[in-house]
Amino acid sequence: MTAIVVERASLKHRLAEKGVDRVLWLLVPGAVFVVLLFVYPFLYGLQLSFQPKGGGSPLRNYVTFFSDDYLAETVWITLRLGLPAALFNVLASIPIAFRMRGRFRGKRALTTLLVIPITLGTVLTAEGLLAFFGPTGWFNRVLLALGADEPAKLTHNYWGVLFSLIITGFPFAFLLTLSYLSGIDPTLEQAAATLGASRRQRFRTITMPLLAPGLAVTFCLSFVLAFSVFPSAVMVGNPAGETHVMSIAAYETALRDNDFAMGSAIAMLMALVMLIVIGVVLIWRTTLYRGATGGKG
Amino acid sequence: MAGQRFAELHLDHVQRAFGDTVALKGMDLTIKGGEFVALLGPSGCGKSTALNCLAGLLPLTGGRITLDGKRIDDLPPEKRGFGMVFQNYALFPHMSVRRNIGFGLSMRKTPKAELNRRVDEAVRLVQLEEHQHRFPAQLSGGQQQRVAIARAVVLEPPLVLMDEPLSNLDAALRLEMRTEIRRLHQSLGLTTVYVTHDQEEALALADRLVVLRLGEVQQVGSPEAVYAHPVNRYVAGFMGYRNMIPVNVTSQGGERATVRTADGTELVGVKREELTEKAVAAVRPEDFAVVTEAGQNTLEATVEIVEYHGREQAVEARLRDGSPLHVRTTSRLAPGDVIRLRVPTERVLVFA
């Protein structure tokens, strides 16, 4: 009798040593969620993309994509929007986050102002852009009053979508950069100062190298957000022409032309392009110092 | 490698306020070239504020700092060229030991050959030859400390500032590094300002002590002077006068004061301040002698707690009126013993 008890206890103990205990059950809801709502739909879409609507070779959808210029071009159109938007958001957030590190009066108000665009949603932002940058919007009215010959065309084209991506994407980039930056121990910069480093030298030799890995991650997330652009490409862009992005192509193929297999193939290619960009950035990141930065982060 | 000597660094009514709280209330101090000065006090006394003001990391809100007559308090830290060792070392985590030590030299665009020679010398000085290509995270606390010191002194700064550099080390290492710091100070001819809350550390290291309290300088003097002749009860408490016996003054004149404790015992001590009726008699635990018969300057107490400290015992006893008394003695005592404790007149300091 006692022997059995001992055996049971020791098995439990052995499992616990390997990290197997009742706390693991907490993983179940999350795992179920991921499998049902992410893994299964993804794999379903993947196999669907290899079953072209009219039959034929499993790769026919992919061949079609790259041989149809109107479709193939979506890759470059989307990259041309996503990369500059992500790059701009990351670069713009560095100086602002740098100034916002310390404590000062009105910091909370300023942070709120910078973060508010997240809560607006793309549709509201797009409407605002239309009203502000549109042909009869304030911006052009001021331009005309200042003597411009004709209104600048900043909506229903590439620029409208880029502005929208910057407005909605900046808060994410800023918040991430700020938290990475506050993770850097401020005494490191003080130490550099006592060693004779000027403000610029401190930024270049201490702050930037320690911040760079975080910026790489921030860039990846900003890029993914911008790359999957859809509503603003329709509302403030030119969805049939210069802002015919991949998500629009996938949507139209699947739901307008009722070709789910082809739509899936486009979605898969979209994921592939994102993975390639993220892969390149993360490989660059491995060449950087990624250890502790000594701060509270 | 040697520190550049200056004649005199002068702090003239240096003040620093944070909003409404004044962390440093007009500090006057003159530091001579080659001196080792310790700023001593508990946390919040303004010692670190004073150090940061010297380094240029905190702007002054009043007063001025002059180095050989030249005003320096309006210079940013990078223009002052004082070396600083931080409490958390503040080593650059993404640079090797060598690059950390050579950082200041490369900021000054020192030619490569000279930079390497001086870094080699500094690495040898702090005995880190084997670890010079490692990164700070791969070093022990003591080694990190050495890197921080080497990084500060390799520039041969006129003044080295140290902000509690030993407080993150364990006890044995702390003693070892303490000697190391003093050795470097002497062999390199540095001028050092050292901040600590540990009176033992300050006494052991410094040529001169500055005791601070609530942003005000209490006493400046040699370790011996501050240790033996504290100017007020606050400094006395900090210098190991653990017993502050409340007394009534019965007579005072010249250098002596006669006082009476709450249980009626009469003590004669050294008068350190102008006294009113109420006063305290400060006595170090080790200045008591356990005696058998009653007599002058002898207190009667009951032993309560005995701690074994090897050659000595640390005893907590109670006077007849219930006030506690700390005693260190080589006599073997046990709880419950009623003992007589005699203290020489010159070892009783009477403060207002």
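Here, each number is a calculation from the coordinates, and none is a lab measurement. Small disclaimer: the values here were computed from a predicted structure and weren't measured. Ideal geometry is used to build each Cβ from the backbone, glycine not excepted, and the neighbour counts take in all protein chains shown.
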> Across 5 Å bins from 0, what is the distribution of all Cα-Cα pair distances for the range B:224-275, in whole percents?
Replying inline: 5, 19, 26, 26, 19, 6, 1
> About the Cα centre of the range B:241-351, what is the dipole size in debye to 20, counting +1 per Lys and Arg Cβ and -1 per Asp and Glu Cβ, all else neutral?
Replying inline: 140
> What fraction of the Cα pairs in the range A:111-156, stated in percent, has a spacing above 11 angstrom?
Replying inline: 67
>> Which aspartates and glutamates, if any, have their Cα less than 16 Å from the Cα of A:LYS12, not counting same-chain residues under 8 positions apart?
In response: A:ASP21
>> What distance in nm separates the two pseudo spin-label positions at A:ILE276 and A:ARG256, each 7 Å out from Cα along the beta-carbon direction?
In response: 2.5
> If you take the Cα atoms of the protein assembly as shown, find Rg, then find the Kirkwood Rh from the mean of 1/r over all pairs, what is Rg/Rh?
Replying inline: 1.15
>> Test of understanding: in a Gaussian network model of chain A with alpha carbons linked when under 10 Å, which of A:HIS244, A:HIS156, A:HIS13 would top the mean-square fluctuation ranking?
In response: A:HIS13
>> Give the aspartates and glutamates whose C-alpha is closer than 13 Å to that of A:LYS53, dropping any in the same chain fewer than 8 places away, or say none.
In response: A:ASP257, A:ASP259
>> Take the residue pairs B:LYS47/B:LYS271; B:LYS25/B:LYS47; B:LYS32/B:LYS70 and return only those whose Cα atoms are more than 21 Å apart.
In response: B:LYS47/B:LYS271
>> Let me understand the range B:8-233 better: what is its radius of gyration from the alpha carbons, and its Dmax, in angstrom?
In response: 17.5, 56
> Any idea what the relative contact order of chain A is, in percent, if you count C-alpha pairs under 8 Å spaced at least 6 apart?
Replying inline: 28
>> Using amide H atoms built in the peptide plane, which far-off residues or other-chain residues are under 5 Å from B:GLN219 H to H?
In response: B:VAL211
> Quick one: if the Förster radius is 41 Å, what FRET efficiency do A:ARG22 and A:TRP76 give, using the C-beta to C-beta distance and rounding to 0.05?
Replying inline: 0.20
>> What is the ratio of the Cα radius of gyration of chain A to 2.2 N^0.38 Å, with N the residue count, to two decimals?
In response: 1.32
>> List the aspartates and glutamates whose Cα sits under 15 Å from the Cα of B:LYS112, skipping any in the same chain fewer than 8 residues away.
In response: B:ASP120, B:GLU121
>> Below 8 Å, C-alpha to C-alpha, sequence gap of six or more: please give me the relative contact order for the range A:189-251 in percent.
In response: 20
>> If the only charges are +1 at each Lys and Arg Cβ and -1 at each Asp and Glu Cβ, what is the size of the charge dipole of the protein assembly as shown around the Cα centre, to the nearest 20 debye?
In response: 740
>> Taking each residue in B:146-159, count the Cβ atoms of any other chain within 10 Å of its Cβ, then average. What number comes out?
In response: 1
>> Pick from A:PRO95, A:PRO117, A:PRO213 the residue whose mean-square fluctuation is largest in a GNM of chain A, springs joining Cα atoms under 10 Å.
In response: A:PRO95
> Across the residues of A:183-189, average count of Cβ atoms on other protein chains within 10 Å?
Replying inline: 4
> Once all Cα-Cα distances of the range A:79-244 are split into 5 Å bins that start at 0, what whole-number percent is in each one?
Replying inline: 1, 9, 15, 16, 15, 14, 11, 8, 6, 3, 1, 0
> Which order results if A:SER222, A:SER10 are arranged by neighbouring Cβ count within 10 Å, fewest first?
Replying inline: A:SER10, A:SER222
>> Could you work out the relative contact order of the range A:79-244? I mean the mean sequence separation of Cα pairs under 8 Å and 6+ apart, divided by the number of residues, in percent.
In response: 40
>> With a cap of 14 neighbouring Cβ atoms within 10 Å, and only residues DSSP puts in a loop, list the chymotrypsin sites (Phe, Trp or Tyr not before Pro) found in the range A:74-164.
In response: A:PHE104
> Counting DSSP beta bridges in the range B:241-351, what percent are antiparallel, to the nearest 5?
Replying inline: 95
> Between rounded, prolate and oblate, where does the range B:210-314 land on the alpha carbon gyration tensor, with a ≥ b ≥ c its root eigenvalues, rounded for a/c under 1.5, else prolate if a/b exceeds b/c?
Replying inline: oblate
> In whole Å, what is the distance between the alpha-carbon centres of the range B:274-311 and the range A:266-290?
Replying inline: 75
> By counting other Cβ atoms within 10 Å of each Cβ, how are B:ARG342, A:ARG141 ranked from fewest to most?
Replying inline: A:ARG141, B:ARG342
> Based solely on its DSSP helices, what 222 nm [θ] is calculated for the protein assembly as shown when runs of n ≥ 4 H residues each add -39,500 (n - 2.57) and the sum is averaged over all residues, nearest 500 deg cm²/dmol?
Replying inline: -14000 deg cm²/dmol
> Using +1 on the beta carbon of Lys and Arg, -1 on that of Asp and Glu, and nothing else charged, what's the dipole of chain B about the Cα centre, debye to 20?
Replying inline: 1100
> Pick from A:SER182, A:SER164, A:SER57: which residue has the top mean-square fluctuation in a GNM of chain A where Cα pairs under 10 Å get a spring?
Replying inline: A:SER57
> Using the membrane-span-like helix rule (whole DSSP H runs, Cα extent along the own axis of at least 24 Å, mean Kyte-Doolittle hydropathy at least 0.0), which helices of chain A qualify?
Replying inline: A:69-99, A:158-182, A:208-227, A:260-286
>> With just the Cα atoms defining each centre, how far is the range B:190-243 from the range A:116-175? Give it in Å.
In response: 66
> What is the fewest-to-most order of B:SER48, B:SER43 by other Cβ atoms lying within 10 Å of their Cβ?
Replying inline: B:SER43, B:SER48
> Within 10 Å of each Cβ of B:51-61, how many other protein chain Cβ atoms are there on average?
Replying inline: 1
